[in-house]
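See structure below.
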Amino acid sequence: MTVIDFSAFIGRLATASGETILPFFRTSLSIDDKSKTKDFDPVTEADRAAEAVMRRLIKASFPQHGIVGEEFGNEREDADYVWVLDPIDGTKSFIGGFPIWGTLIALLHKGSPVYGMMHQPFIGERFSGDNGSANYKGPSGERRLQVRRCASLSEATTYTTSPLLMNERDRAIFGRIEQGARLSRYGGDCYSYCMLAAGHVDLVVETELKPYDIAALIPIVTGAGGVVTTWEGKPAQGGGRIVAAGDPRVHEEALKLLNG
């Protein structure tokens, strides 16, 4: 079975999760804090309900597949095909009423992300990719995604969700990127990577990511012609400290600053 055979099913997962999440958005929903430290790590009823819906669909259609999810843990993660789910990436934006969050759905084959989708049901946007190509579908129609050329960091627009999510050392290192970039902005979560794939952002630098935060975004960015690695230049699907760039020249320059 090829990746193409799964694309329609991934669309079903996106539709089902979106229909589950939207009734909760911009309502007085209950919020729990998953963090065991002073850092606020919110989770809502919408997160749990959406992941539960996707898990049920996967188990009914592909019982032999594994599942890695943010809210309900891992099952059969050593299977050839593994689904990696983040029902709401950007929960802090979600609970604030801002529509810069999305559902991340990744399919791994033998440990490597081969297909990914970011679905934003409130706006009605879907970004998808299979490493070879990437596509957008939304209110403005459908189109291929393509990163933009950017010769150097000094010409780049860079994003990170928040420097406050970084430890003190990594925050200082990230400061080198900010000093060298033309424009540095905060916020975005998964949207930053999709805007990079769409050619509106040049560089995204993050730390402390989990596999479900990044797995779905890798095939989208690479399919649009971009590069995603760890700060050390290694494969990124395991999470950690991540750098994504639209132009390999900016990626190389960023790695030198991050490891200098």
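A few notes on this one:
- Gyration tensor (Cα) of the range 64-194, equivalent ellipsoid semi-axes in angstrom: 27, 20, 17
- Label-point gap, in nm, between residue 169 and residue 7 - each point 7 angstrom along Cα→Cβ: 4.4 nm
- Between residue 148 and residue 208, the FRET efficiency from the beta-carbon distance, with R0 = 30 Å, is close to 0.60.
- The chain: C-alpha gyration tensor shape, a/c 1.5 cut-off, then a/b vs b/c: prolate
- The portion of the accessible surface of the chain made up by carbon and sulfur, rounded to a whole percent, is 51 (1.4 Å probe; DNA, RNA and ligands excluded).
- Residue-normalised accessible area of the range 153-260, given per residue in Å² at a 1.4 Å probe: 39 Å²
- Candidates 230, 216, 145 compared by Cα position along the dipole of the chain: farthest toward the positive end lies 145, with charges placed on Cβ.
- Distance between the range 99-131 and the range 47-65 - C-alpha centres, whole angstrom: 15 Å
- Positive-end residue, the range 72-154 charge dipole about Cα centroid, Cβ charges, pick of 133, 91, 72: 133
- Gain on full stretching of the segment that runs from residue 78 to residue 26 - 0.36 nm per residue minus C-alpha separation: 14.9 nm
- Mean separation of Cα contacts under 8 Å (6+ apart) over length of the chain, as relative contact order %: 16 percent
The values are calculated or read from the model by the stated rules, or taken from the named source; none is laboratory data. Computed from a prediction, not measured in an experiment: that's the story for all the values here. In this analysis, Cβ positions are derived from the backbone assuming ideal geometry, glycine residues included, and neighbour counts consider all displayed protein chains. To get the accessible areas, we keep the full protein, side chains included, count just its heavy atoms, and leave off ligands, DNA and RNA. Shrake-Rupley method; radii C 1.70, N 1.55, O 1.52, S 1.80 Å.
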